[in-house]
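Novice: This structure is in structure tokens; I'll ask about it shortly.
The values are calculated or read from the model by the stated rules, or taken from the named source; none is laboratory data. It should be emphasised that the depicted structure is a prediction, and the values quoted were computed from it without experimental measurement. Here the Cβ is made from the backbone with ideal geometry for all residues, glycine too, and neighbour counts use every protein chain on show. To get the accessible areas, we keep the full protein, side chains included, count just its heavy atoms, and leave off ligands, DNA and RNA. Shrake-Rupley method; radii C 1.70, N 1.55, O 1.52, S 1.80 Å.
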Amino acid sequence: MSVMLECRSVTRRFGGIVAVRPIDLTLHAGEFLSIIGPNGAGKTTLFNLISGHDAPDAGRITLEGVEIAGHAPETIAARGLARTFQHGRVFANMSVRDNLLVGAHHRLRAVKPRLPGLGAVAELALALLRPPGVRAEEAALNREIEAIAAIFGDRLTPRLDQPAYALSYANRRRVEIARALALRPRVLLLDEPTAGMNESETLEMQHIIGDLKAGGQTILLIEHKLDLVMRLSDRVIAMDDGAKIAEGKPDAVRQDPAVIEAYLGHRAMGEAL
Amino acid sequence: MPLSRRTLLAAAALPAFGARAAEPIVAGVSGPLTGPNAQYGAQWKRGFDLALEGINGAGGVKGRPIEYDFQDSQSDPRQSVAVAQKLVSDPRIVIELGDFASPASMAASPIYQRAKLVQFGFTNSHPDFTKGGDHMWSNSTSQAEEQPNLAKYAAKLGFKRPALLHLNTDWGRTAKDAFMAAAPGLGMQVVAVEGYLAAEQDFRPTLVRARDSKPDGLVLLSYYADGALISRQTRDTGLKLPILAGTSNYSPKFIELGGQGVEGDWVMSTFFPGDPRPEVVDFVARYRKKYDQEPDSFSAGAYDTMVLFAMLCDKYGATREGMQAGLLDIKDVPSVIYGKVAFDPATRRVQGATYKLLQVRDQKFVVWDGTAPAAG
Amino acid sequence: MTLLTLRKIDTFYGPVQVHFGLDIEVRQGQIVCLLGGNASGKSTTMKIILGLLRPRAGTVRFDGHDLTAMTTPKIIRAGIGSVPEARRLFGAMTVRENLLMGAFARSDRVEIAHDLDRMLELFPRVRQRLASRAGTLSGGEQQMVAMARALMGRPKLICMDEPTMGLSPLFVDRVLELIQTVNRDGVTIFMVEQNASLALAIAHYAYVLQTGRIILHGEAASLAHDPRIRDAYLGGKT
Amino acid sequence: MSSWLDYTINGLIIGNIYALVAVGLALIFGVSHLINFAHGSVYAVGAYIGWACFTYLHAPLAVTAPTVMIACAGLGVLIERVGLRPLAGSARIAPLLATIGISLVLDQLLQIIFTPDPRALTSPLPNWRIQIGGGTIGALDLLIAATGIVSAGVLYFFLRFTKLGWAVRATAQDRDAARQMGVDTDRVNMAVFAIASALGGLSGLLVGMYFNHIDPAMSFAATLKGVVAQVVGGMGNVPGAIFGSLLLGLTESYGVAIFGSSYRNLFSFALLLLILVLRPNGLFASARSTPPEPLTGSFVMPSRPVRVPRIAVIAAIAVAAIVPLAGAAPYVLQVLTNAWLFAMLAISLTLVAGTLGQISLGHASLLLIGAYASALLALDLHWPVWASVPAAGLVTALLGTALIAPAFRLRSHYLSIATLGIGEMVGLVILNWESLTRGPMGVTNIPPLQVGGVELDNPRAAYWVTLGVLVLLALLQTRLLRSHLGRTFRAIRDDDVAARAHGISLGRYKAIAFAVGGFSAGISGGIAAHLYSYINNETFTSTVSISALTMVILGGLGNVAGAVFGAVALTALPEMFRGTAEYRMLIYGLALLLLVRFRPQGVFGTT
């Protein structure tokens, strides 16, 4: 299996606090890797470093062999990495459809020429003139995002033209995942996709993510809900206090004494026993 | 509204002429009643009202009272052009007075010119104002005429190396250039020139900068409010220099705002309330009585303008054509600012202003007694 | 004895009705939890109790007070403490200042100092962080501070909105234990929870809210085995 | 050189004066996240109350100062209670606009009551002075410094060690959570307005005494400098505001020392921009660089916009087109021509402020650039007007975008303040770049609008040309907003972090939006130059920027039809009240307040 994403000795400090201690991580094509750990362990910071929303103080991050550490998030997104956010960041004043179309932004070709310097001018001109190529692309994208919305059953499709602020919390989380999928990501980073969902909604999300995995999607997941992690993950990394404390198959990590000490506690241990 | 009340009084006082004959003659005024320059519009109104009190009290012009229609433009070009359209399409209006600042006046000039309505800019010293067309006239003193006089007084006061502070606007710039042109011929070398921004209040750094060029006198091409501020702050920066200020500093406010900080300053003026000429004595007495304050050059300018307007109406007919013809021809208009007013048909500006040098002594303006300041 | 009563509450967000004749009772000394899916109106119920939102109809009574027309600060003074959703600590203030903010409505300085000591015994982990800015704490620590902060007001009733949200399993257990400890000390707890199985494990009584209506309520122990609950909230379909 | 000591002392003295204003602004921002544009008006009111106490009651300073503080505290409470509290819960732009309206009303009231004449506010303090360096320091300088230090100390003590102070800090951080601790946040708000306004009034009194000069126009300059100082220090940060004020004073003083007085404000704004670019959250902000919280709707309120049917748009254009034939007076045509010019500015602003979410407070500078570009092309390069006006649009698009580009990484209030600074700088550069712009003399004899050698110098022709250009620009913008660019801009507005995560490069799209906006504004300025025939650096001032923002908010942010409506309404309104002379700006201010109160999302709604 080819390596999709690799972190080597990635480090991040905030003032005097080390948020991420030198950490290594490898994600192969088609693999499902989960990161677990207590709040404040540095999981989301690591995500931010990978997606370019924050820059590491030291270390290398490569996406399909290309160095991306410290690159702008839009550049990394254009390389095929999509992510969702822990608390959800939908475009509240825009329709669900427009949210999803924005997800596909980096894939616009006809309307977004890559001319050095004059690209923006050409883009403006094409947007105003709307030649057939541009219109065809827009229509194709519209069909595509309708297909993506359909992944979520009847949750999103009937609401495509509603503004996102009118959606329920769970539906907004779904919009966010759909928007990430519209990017057709090579690597998908999901940050607590089921936060704030009840058990049946969590289960529904678990099926959707499972289907994505089955479709060959490479996924890096942060999640607290252990059931979901254990069922879906190929491998699990446990983090605490900015450092990786365990890595391996889900069951092995679950029974790792360090993980139980720092994260799972006696209840999980009891269950495991 | 005081205006309409006055009209009613005027009409009541002249019952013999009947309603038809008492139809008023109207001057349009475009100027600031609100916004940052509102204080000047307020001074204008005082001057206008005082003049009209006299004119209409004496029966108006050929039995018709004179009125003005003051349109607030905030001295903003967007509004002054709208005001101009309003005034030119109002058939009652036979002359337009104003606007205050050059951008507002000159933006409106093409409209007045096309309508052949005289635009009489009595505060517009921008050299290009009267070049906007043959219907643009001004009785504002031309800086080309005024500044050589100021320079002469500077020389008389013994200035050899003056520092010059000027308001960095079209007005201040024109004044500065004219002063600089006149200085070398009088044996003066201007050692520092500082243009300051219109809303400025803190002049200490500017004065330190001027001080470092070791001047022997300070020339202020400012308005009275900033002139007073500069003069006050001069002492705080350790400068002990004689200060000579241009005509627009002449105002009782100069002393009010400057206090002890302007004591001993020299101010050149065209208008001086202590002037023994009867029209000045009359104006000052009536102004004090009506407003319980001293007139300044802005209210005096407005007063003069209204008197001129009445004379034009009287002699050349209260029509738009009459105004233009009259200004080309009129001579010997009584004025509280100038001696007798006439206009140069080529520049369309007032001719022959006379200048006096005043000094602040014991918080009063007095005519300079001729003693030069002790070397500073 | 009933401490808190919500009677026939109708609530609207603009034209959208959120509550339809809501009836809830909280008995003194109990842990009562309100279960429900997203957008069922759980958090809105909290806002109604705390006076952050006004119902269009219905009454809220607490310990002899009519809360319906009272402002939030007065409601707090009447003896209700709040552990808001996502903790909502004052991040730029120290932990100590946060705890003292919890006693804002009180003026008995000596007793406040005494209570502060008591909190540090109850939450030993907080003691080490007393001088730190609250924003630098981990999520679990923040939850502890939020609970201690609410207790500093010496409330008769604490309203908790999703106390386990975003916490690691270790901290979830810790927080649930602490809720029980606090309750044993005589404080009544009214909590809103997503995680029905955890909530039912410690609660005495539970209400189930669905699109603004109470569809089910009863003793927690019996509800945990109710098939309707299992279907809707405990992943019964699997 | 000993002069540097003098420059330093002078800088500290004036910085001290700025600090008195900045502290109040910082307090209010800290708790309400609101730039209180009415603060300068409270400061002016304080000065006038002081004047009245001295003049009519012959009160000593020891009586006057507390009187001023109590009265201004009362005024602050009134502003909070009547003007701002009813707006709680509406979009954040609404209270901002309300403070502008309150400021207009207060300034006009002062002017009507006290006349616009400047007055002397003579210091009753003893007149001794201490020699320091080449200059002197007097009792009043020391009193001002002491007031600054004491009020900072008292504030620090208040915020750290008193219960109300804690309540203020808690409310500043999380209003809802503070309420759940039993804090009456309405009272906290009121207390903060009272304290800040008391300080503001006291500073008006002291500054008035310092200059021996007060006038109703003193308020805007004070607000401007106070806001700059506050932003330099970090918004809402009280020690930062004091430090920022002193730094600003020093920068101005040294700037004058090195380059001369005419560049003075250029330095304040250059300092502002430099600090914003290097430290986007001000000098005193904490250094954490984690991605910020979602900014969804930080300024923009979710609302369902009014959809104007196409037939109504066509009908409106048709009606507008036949107005001149229907016998409208030239005056009416001129007012409407102004409205069309303003509408071009408003659609420009509604694109960047509404659709892109970057509230610009310096938009008038684009008019200046356009006006100068077209005038100078026509006069100096002898371009025909039909070519110089579109060229001015392009020049403005390029230049305007280049100027704002360094500020692209700023957010919300910081971006707004940066645009305010850039706008002021444009005017100052025009004033000082004489070889190109003719400096303070301005540009005269600009040829009138003409097409094919025919001069369009009558009101009807000017009307039709401006209307035609406006319709064209508005249609272009509507088409643009329906393209992928429209949704890309809105995505940036709603959440720029999420937008970047999907490959949207902020720089590129902000540049496109500002360029399109710059084009419309530049055309508006260009046409205006030819209509006015004379322009100078003061033809379009910051008040025009504020008017344009008012129009855009009135119409509904991001809404093209709304922007045109706002421009027509707010151009016509002051004209309608022209007969009321001195009262008309008062009426305008009150009308503005009522609009904000009852329709904060704009008449046509936000899109």
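Novice: Exactly one of these conditions fails for D:Asp186: (1) open to solvent by less than 20 Å² (accessible area, probe 1.4 Å); (2) more than 20 Å from D:Val426 (Cβ to Cβ); (3) touching a Lys or Arg at 6+ places or on another chain (Cβ under 8 Å). Give me its number.
Specialist: Condition (1) is where D:Asp186 drops out.
Novice: Tell me which residues, restricted to segment D:157-199, are in contact with a Cys (Cβ under 9 Å, 6 or more places away or on another chain) and either charged (D, E, K, R) or at the interface with another protein chain (Cβ under 10 Å from one of its Cβ atoms) (or both).
Specialist: Residue satisfying the conditions is D:Gln180 alone.
Novice: Does segment B:36-52 include one or more residues that are in contact with a His (Cβ under 7 Å, 6 or more places away or on another chain) and either among the hydroxyl-bearing types (Ser, Thr, Tyr) or closer than 19 Å to D:Tyr588 by Cβ (or both)? Explain how you work it out, then say what you get.
Specialist: First pass over segment B:36-52, keeping only residues in contact with a His (Cβ under 7 Å, 6 or more places away or on another chain): none.
No.
Novice: Tell me which residues, restricted to segment A:15-57, are open to solvent by less than 30 Å² (accessible area, probe 1.4 Å) and without any contact (Cβ under 8 Å) to a residue 12 or more places away in the chain.
Specialist: If the condition is that a residue be open to solvent by less than 30 Å² (accessible area, probe 1.4 Å) and without any contact (Cβ under 8 Å) to a residue 12 or more places away in the chain, then A:Asn48 is the only one that fits.
Novice: Determine whether D:Ala343 is crowded, with 24+ Cβ neighbours inside 10 Å and farther than 24 Å from D:Leu271 by Cα. Quick ask: steps written out before the conclusion?
Specialist: Numbers: crowded, with 24+ Cβ neighbours inside 10 Å: yes; farther than 24 Å from D:Leu271 by Cα: yes.
Yes; evaluated as a whole, the condition is true for this residue.
Novice: Would a scan of segment A:71-86 turn up a residue that is of a type in the set (S, T, N, Q), touching a residue at least 24 places away in the same chain (Cβ under 8 Å) and in a loop (DSSP other than H, G, I, E, B)? First the steps, then the outcome.
Specialist: Going residue by residue through segment A:71-86, those that are of a type in the set (S, T, N, Q) are A:75, A:84, A:86.
Within this subset, residues satisfying the condition of being touching a residue at least 24 places away in the same chain (Cβ under 8 Å) are A:84, A:86.
Now restrict to residues that are in a loop (DSSP other than H, G, I, E, B): A:84, A:86.
Yes, segment A:71-86 contains at least one residue that is of a type in the set (S, T, N, Q), touching a residue at least 24 places away in the same chain (Cβ under 8 Å) and in a loop (DSSP other than H, G, I, E, B).
Novice: Could you list, in sequence order, the residues of segment A:37-79 that are within 18 Å of A:Val3 (Cβ to Cβ) and of a type in the set (Val, Ile, Thr)?
Specialist: Correct list: A:Ile50, A:Ile61, A:Thr62, A:Val66, A:Ile68, A:Ile76.
Novice: Please note which strands (runs of 3 or more DSSP E) are completely contained in segment C:1-87 and include at least 2 residues that are open to solvent by 30 Å² or more (accessible area, probe 1.4 Å) and either in the same structural domain as C:Ala220 (by TED's automatic domain parsing) or more than 20 Å from D:Ala88 (Cβ to Cβ) (or both).
Specialist: Numbers: elements: C:2-13, C:16-27, C:31-36, C:57-62, C:80-83.
So the answer is C:2-13, C:16-27, C:57-62.
Novice: Can you tell me which residue in segment A:188-205 is modelled with the highest pLDDT, limited to those that are more than 19 Å from A:Lys43 (Cβ to Cβ) and touching a helix residue (DSSP H, G or I) at 6+ places or on another chain (Cβ under 8 Å)? Please lay out each step first, then the result.
Specialist: Applying the first criterion (more than 19 Å from A:Lys43 (Cβ to Cβ)) to segment A:188-205 yields A:198-201, A:203-204.
From what is left, the residues that are touching a helix residue (DSSP H, G or I) at 6+ places or on another chain (Cβ under 8 Å) are A:198-201.
Details: A:Asn198: 72, A:Glu199: 74, A:Ser200: 79, A:Glu201: 82.
Only one residue fits best here, namely A:Glu201.
Novice: Report the residue count in segment D:402-421 for those that are open to solvent by 20 Å² or more (accessible area, probe 1.4 Å) and either of a type in the set (Ser, Thr, Tyr) or assigned to a helix (DSSP H, G or I) (or both).
Specialist: From segment D:402-421, those open to solvent by 20 Å² or more (accessible area, probe 1.4 Å) are D:402-403, D:405-406, D:408-409, D:411-412, D:414; that's our starting set.
Narrowing further to those that are either of a type in the set (Ser, Thr, Tyr) or assigned to a helix (DSSP H, G or I) (or both): D:402-403, D:405-406, D:412, D:414.
Total satisfying the criteria: 6.
Novice: Would you point out which residue out of A:Arg12, A:Arg8 is charged (D, E, K, R), open to solvent by 10 Å² or more (accessible area, probe 1.4 Å), in contact with a helix residue (DSSP H, G or I) (Cβ under 9 Å, 6 or more places away or on another chain) and more than 30 Å from A:Ala170 (Cα to Cα)?
Specialist: Numbers: A:Arg8 fails: in contact with a helix residue (DSSP H, G or I) (Cβ under 9 Å, 6 or more places away or on another chain).
The unique qualifying residue is A:Arg12.
Novice: Which residue is surrounded by the fewest Cβ atoms within 10 Å (Cβ to Cβ), if the candidates are limited to segment B:111-154 and must be of a type in the set (Ser, Thr, Tyr) and within 14 Å of another protein chain (Cβ to nearest Cβ)? Before the answer, list the steps.
Specialist: Quick first cut of segment B:111-154, residues of a type in the set (Ser, Thr, Tyr) only: B:112, B:123, B:125, B:130, B:138, B:140-142, B:153.
With the extra rule that they be within 14 Å of another protein chain (Cβ to nearest Cβ), the set shrinks to B:112, B:125, B:130.
Working: B:Tyr112: 26, B:Ser125: 21, B:Thr130: 24.
It comes out as B:Ser125.
Novice: May I pose another question? For the condition closer than 22 Å to A:Asp256 by Cβ, touching a strand residue (DSSP E or B) at 6+ places or on another chain (Cβ under 9 Å) and either assigned to a strand (DSSP E or B) or outside the structural domain of A:Ala243 (by TED's automatic domain parsing) (or both), what is the one hit in A:Thr62, A:Thr11, A:Thr26?
Specialist: Testing whether each residue is closer than 22 Å to A:Asp256 by Cβ, touching a strand residue (DSSP E or B) at 6+ places or on another chain (Cβ under 9 Å) and either assigned to a strand (DSSP E or B) or outside the structural domain of A:Ala243 (by TED's automatic domain parsing) (or both) leaves just A:Thr26.
Novice: Every residue in segment D:372-390 that is part of a helix (DSSP H, G or I), over 15 Å from D:Leu436 (Cβ atoms) and touching a residue at least 40 places away in the same chain (Cβ under 8 Å), please.
Specialist: So the first thing to find is which residues in segment D:372-390 are part of a helix (DSSP H, G or I), and the list is D:372-380, D:385-390.
Those left that are additionally over 15 Å from D:Leu436 (Cβ atoms): D:385-390.
The answer is D:Val385, D:Trp386, D:Ser388, D:Val389, D:Pro390.
Novice: Being in contact with a Ser or Thr (Cβ under 7 Å, 6 or more places away or on another chain) and either free of Cβ contacts under 8 Å to residues at least 60 places away in the same chain or part of a helix (DSSP H, G or I) (or both) is the filter here; which residues of segment D:585-607 pass it? Spell out the reasoning first.
Specialist: If we filter segment D:585-607 for residues that are in contact with a Ser or Thr (Cβ under 7 Å, 6 or more places away or on another chain), which is where we start, we get D:585, D:587, D:592, D:600-601, D:605-606.
Scanning segment D:585-607 gives D:Met585, D:Ile587, D:Leu592.
Novice: May I ask you to verify whether B:Ile111 is under 24 Å from B:Trp171 (Cβ atoms) and more than 18 Å from the chain's Cα centre (by Cα)? Break it down stepwise before answering.
Specialist: Details: under 24 Å from B:Trp171 (Cβ atoms): yes; more than 18 Å from the chain's Cα centre (by Cα): yes.
Yes: the conditions hold for B:Ile111.
Novice: All but one of (1) open to solvent by less than 10 Å² (accessible area, probe 1.4 Å); (2) in a helix (DSSP H, G or I) hold for B:Val336; state the number of the condition that does not hold.
Specialist: Answer for B:Val336: the failing condition is (2).
Novice: Quickly run through segment B:192-211 and pick out the residues that are more than 7 Å from chain D (Cβ to nearest Cβ) and crowded, with 24+ Cβ neighbours inside 10 Å.
Specialist: B:Phe203, B:Leu207, B:Ala210
Novice: Take D:Asn445 and tell me if it is in contact (Cβ under 8 Å) with a residue 60 or more places away in the chain, open to solvent by 10 Å² or more (accessible area, probe 1.4 Å), on the phi > 0 side of the Ramachandran plot and not in a helix (DSSP H, G or I).
Specialist: Numbers: in contact (Cβ under 8 Å) with a residue 60 or more places away in the chain: yes; open to solvent by 10 Å² or more (accessible area, probe 1.4 Å): yes; on the phi > 0 side of the Ramachandran plot: yes; not in a helix (DSSP H, G or I): yes.
Taking the combined requirement at face value, the residue satisfies it.
Novice: Hey, does segment C:181-198 have a residue that's open to solvent by less than 30 Å² (accessible area, probe 1.4 Å), farther than 26 Å from C:Val18 by Cα, within 8 Å of another protein chain (Cβ to nearest Cβ) and assigned to a loop (DSSP other than H, G, I, E, B)?
Specialist: No; the residues of segment C:181-198 include none that is open to solvent by less than 30 Å² (accessible area, probe 1.4 Å), farther than 26 Å from C:Val18 by Cα, within 8 Å of another protein chain (Cβ to nearest Cβ) and assigned to a loop (DSSP other than H, G, I, E, B).
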